Amino acid sequence: MKKFTFRLQTVLDHALQVEDDCLRELARLQHLRYLKAEEVARAHDAYRVMRGAIRERQLGLIDADALRRCYLHLDALQHTIAAREAERQTLDTEIAAQMQQVLEARQKRQALEKLRAKQWDAYRLASERADLQQMEDVMLPRHNARLAAARHAREAVTP
């Protein structure tokens, strides 16, 4: 019997490649989201430190110019935080879309693998039937010959 070949193997290989590419892109987006979250956390920390510094300055002698610079820095930090949060939300949306693509690619690959498994089972069954047929072709004539010889021997002994 000929060797098993899955006609759609190239399609399955392509589906595996697409799924791997989708997973890599998802990992890249999740890494970017992690970096944005870290930037937001650092900006929040800097904002808290600056607010504490302003409170301390307000308790002592007030330098209006330094206080104005501190408030400008706080405003800049707030804008940075808002921008990074917006970027993180955009990345969250992209991650959700990418996860959907990964899911679709995985479903396509699994469907192809199920088809391959069904074809393999059909091939294996056909192969087993062919082997059985070959065995019958060899053994059945021998068995029939033995039965005929035994019958002939019985008939020869019986008067």
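Please work out if Gln101 is touching a Cys at 6+ places or on another chain (Cβ under 8 Å) and part of a helix (DSSP H, G or I).
yes
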Among (1) surrounded by fewer than 14 Cβ atoms within 10 Å (Cβ to Cβ); (2) over 30 Å from Asp20 (Cα atoms), Leu77 falls short only on (1)
Within region 25-61, of all residues that are out of contact with any helix residue (DSSP H, G or I) (no Cβ under 8 Å at 6 or more places or on another chain) and small (Gly, Ala, Ser), the one surrounded by the fewest Cβ atoms within 10 Å (Cβ to Cβ) is Gly60
Report yes if some residue within region 81-88 is surrounded by fewer than 12 Cβ atoms within 10 Å (Cβ to Cβ), without any contact (Cβ under 8 Å) to a residue 40 or more places away in the chain, under 42 Å from the mean Cα position of the chain (by Cα) and under 30 Å from Val18 (Cα atoms); otherwise report no.
yes
If you go through Arg116, Arg142, Arg129, Arg88, the only one that is touching a Leu at 6+ places or on another chain (Cβ under 8 Å) and of a type in the set (Lys, Arg) is Arg116
Within region 1-20, residues part of a loop (DSSP other than H, G, I, E, B) and surrounded by 11 or more Cβ atoms within 10 Å (Cβ to Cβ) come out as Met1, Phe4, Phe6, Leu8
In region 93-127, anything of a type in the set (Asp, Glu) and surrounded by 14 or more Cβ atoms within 10 Å (Cβ to Cβ) is listed as Glu94, Glu113
Taking region 1-20 and keeping only residues that are among the aliphatic types (A, V, I, L, M) and modelled with pLDDT under 85, one is left with Met1
Of the conditions (1) under 33 Å from the mean Cα position of the chain (by Cα); (2) in a helix (DSSP H, G or I); (3) of a type in the set (S, T, N, Q), the single one that Gln58 does not satisfy is (1)
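Does at least one position in region 135-153 carry a residue that is modelled with pLDDT of 90 or more, under 30 Å from Phe4 (Cα atoms), surrounded by fewer than 12 Cβ atoms within 10 Å (Cβ to Cβ) and of a type outside the set (A, V, I, L, M, F, W, C)?
No, that holds for no residue.
The values are calculated or read from the model by the stated rules, or taken from the named source; none is laboratory data. The structure displayed is predicted, hence computed values, not measured ones. For neighbour counting, all protein chains shown are included, and Cβ atoms are generated from backbone atoms with ideal geometry for every residue, glycine included.
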